[in-house]
Amino acid sequence: MKGWMTRFKAVMALTVMALILSGCGEPFLSTLQPRGEGAAMLLELIILSTVIMLFVFVVVMAIYIYVIIKFRQKKGQEDFIPKQTEGSHALETLWTVIPIILLLILAVPTVQYTFAFADVNTPEVSEEGEELDQIWIDVTGKQYWWHFEYEGLDVTTSQEIYIPTDRRVYLSMISDDVIHSFWVPSIQGKMDVNPTGNRNEMWLQADEEGVYWGKCAELCGPSHSLMDFKVIAVSPGEFEEWVEDMQGVTGEEEPETATAQAGQEIYEENCLSCHAVGSSPNKVGPNLTNFADRDKLAGVFDMTEENLFEWIDTKGEEMKPGNLMVDAPYDLNEEEINQVIEYLMTLSPSDVTPESADNGVYIDSDLSDLFPEEEEDADEESEEDDEVDEDEETDEETDENDEE
Ligand code: CUA
């Protein structure tokens, strides 16, 4: 009896936790709050299958309870055996046909949508009826980050892709090492990324501007859960501006300050064999063209100088276990690391950054623009801290608050 109670309590606790956690959805990372055509279609399927399951559950439970009450053993009838219905044609037919109908109701839209998700060949048509050029991005999954090349545009980046709103962007995906899975829950379903040479293709589309959080959805090693990336949806005009700015980078630009110049030299001696600035083929480490514009460091950490220092100093050994940088042969002292950081922070070729997407869903720790009521809270907290410059340092300030 006691064992049962413990088990019952454990099940109840798990149920309550599941209910609470399922409420954690955020619009930048939730299949239940779709912000793109693909995710909206998936939500329809989720709702459809849930309704069918609930229907089956309710009907079965109703019949079950009815039968228990109606046919329970009555006093004085202990030896009574009710009429047996084994082999009843009517019943057998009924419970064969009903599931078939339910499965058909599920299968037809599921198959339809599966084909729609895989359709990368039908070009989109503009409102004027013209065929739009397809924007293709070559995606390479690597332990534990993502490499992106915009086909025909001569733009390379990693960790964060920019896409225009209301337009499909097509992905051709492959892996360099093990199987990963590319998933941006709030705008599209997931797709495996295979190392075997076959490219999987799909499209992404975001209805509104926003920074959408992407996850690797296939266990791929010790830092699988840290293999995050972002899809930054900006207006079509901003997207074009971003592409042009990125195209303009050669990697040979000289930074303004002497410290950053020193950092650039150190970078060229120690980092260039694995990383690149400017359009580049797929290298061992992430492309850094717009490094300073990134919303997150290594996909998951707040972009602060402290985190960046720790990353370079420890080669991310503890921050992202199993990452290849651990084997990098460089040995830099504190001053050199700071110089490299100063150089890296000059890598900001465009005014189009994750903040350009702030008309929409935004995941940055600074949510004040989007959620005015939270701004008051943040202000109260900052008064307790030292006075901080409003615009420029709000990010850092919020980061500090987060850490506290
Ligand atoms: Cu890559 Cu999990």
If you take the residues in the stretch 195-234 that are within 9 Å of the ligand (Cβ to nearest atom) and part of a strand (DSSP E or B), which one is surrounded by the most Cβ atoms within 10 Å (Cβ to Cβ)?
CYS216
Look through the stretch 139-152, keep the residues that are in contact (Cβ under 8 Å) with a residue 40 or more places away in the chain and away from the ligand (no atom under 16 Å from the Cβ), and return whichever of them is surrounded by the fewest Cβ atoms within 10 Å (Cβ to Cβ).
TYR150
Just checking, which of ILE101, ILE105 is touching a helix residue (DSSP H, G or I) at 6+ places or on another chain (Cβ under 9 Å), more than 16 Å from the ligand (Cβ to nearest atom) and part of a helix (DSSP H, G or I)?
ILE105
Determine, yes or no, whether ASP177 is surrounded by fewer than 17 Cβ atoms within 10 Å (Cβ to Cβ), within 16 Å of the ligand (Cβ to nearest atom) and within 14 Å of the chain's Cα centre (by Cα).
no
Just wondering, is there one or more residues in the stretch 40-52 that are touching a Gly at 6+ places or on another chain (Cβ under 8 Å) and either in a helix (DSSP H, G or I) or farther than 30 Å from ASP166 by Cα (or both)?
yes
Got at least one residue in the stretch 128-138 being under 19 Å from the mean Cα position of the chain (by Cα) and within 16 Å of the ligand (Cβ to nearest atom)?
no
Would you mind telling me which numbered condition in (1) assigned to a helix (DSSP H, G or I); (2) over 17 Å from ASP228 (Cβ atoms); (3) among the hydrophobic types (A, V, I, L, M, F, W, C) VAL284 fails?
(1)
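Laboratory data are not the source of any read-out in this text; all were calculated from the coordinates shown. This is a predicted model, so every value here is computed, not measured. All Cβ positions, glycine included, derive from the backbone under ideal geometry; neighbour counts span all protein chains shown.
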